[in-house]
């Protein structure tokens, strides 16, 4: 499917998808993000869309999947406080070990996708294209998850080392 046909068949569903996204999320900014992510995911498979019997249903299903992913991500962020408490206890037990052990501990407590992407990129040295194929995510999702993982590692490392140094 070429870009003109994609715009005609998929992008024309924007209003409908926005209404659905608003009912799923409630916020306009989030809803627009969901719709844009839907377009990105559909564009990633645009060559196979010519043979798809119902593009509207596929777009709706993709949008709902994105909303579910977002809710799961929020749930994980809410559980972050629990992870932090658990890491403090574990960090105290490895106080005598060096900072690399502490970083390994923090990486082990990352959400699974962030953990996998961080390990592939920063530890194993894979290229972005290889990671995208391994994880089955978009380039934007890779960038976001890697950035979130690095920020979280840095934030947790600072917190844990400060708490460790207080004692």
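Please treat every number below as a calculation from the coordinates, not as lab data. Computed from a predicted structure; not experimentally measured. Positions of Cβ are backbone-derived with ideal geometry, glycine not excepted, and every protein chain shown enters the neighbour counts.
Over the chain, DSSP H runs of length four or greater, each weighted -39,500 (n - 2.57), average out per residue to a 222 nm ellipticity of -24500 deg cm²/dmol.
Largest mean-square fluctuation among 51, 128, 145, in a Gaussian network model of the chain whose springs join Cα atoms under 10 Å apart, belongs to 51.
Spin-label pair residue 43-residue 61: with each label point 7 Å from Cα along the Cα-Cβ axis, the two points sit 2.2 nm from one another.
For residue 74, put the label point 7 Å out on the Cα→Cβ axis and report which residues of the stretch 33-64 keep their amide N under 16 Å from it. Flagged as within label range: 33-35, 64. The candidate values are (1) 16; (2) 38; (3) 58; the one derived from this structure for percent of Cα pairs over 28 Å apart carries the label (2). Axis angle, to the nearest 10 degrees, between helix 55-78 and the longest C-alpha principal axis of the chain: 20 degrees. How high is the FRET efficiency from residue 33 to residue 86, r the C-beta distance, R0 25 Å, rounded to 0.05? The formula returns an efficiency of 0.20 here.
With the highest mean first, a sort of the peptides 38-50, 2-14, 110-122 on other beta-carbon atoms found within 10 angstrom per residue produces 110-122, 38-50, 2-14. Across 59, 21, 29, mean-square fluctuation computed from a Gaussian network of the chain (C-alpha pairs under 10 Å connected) peaks at 29.
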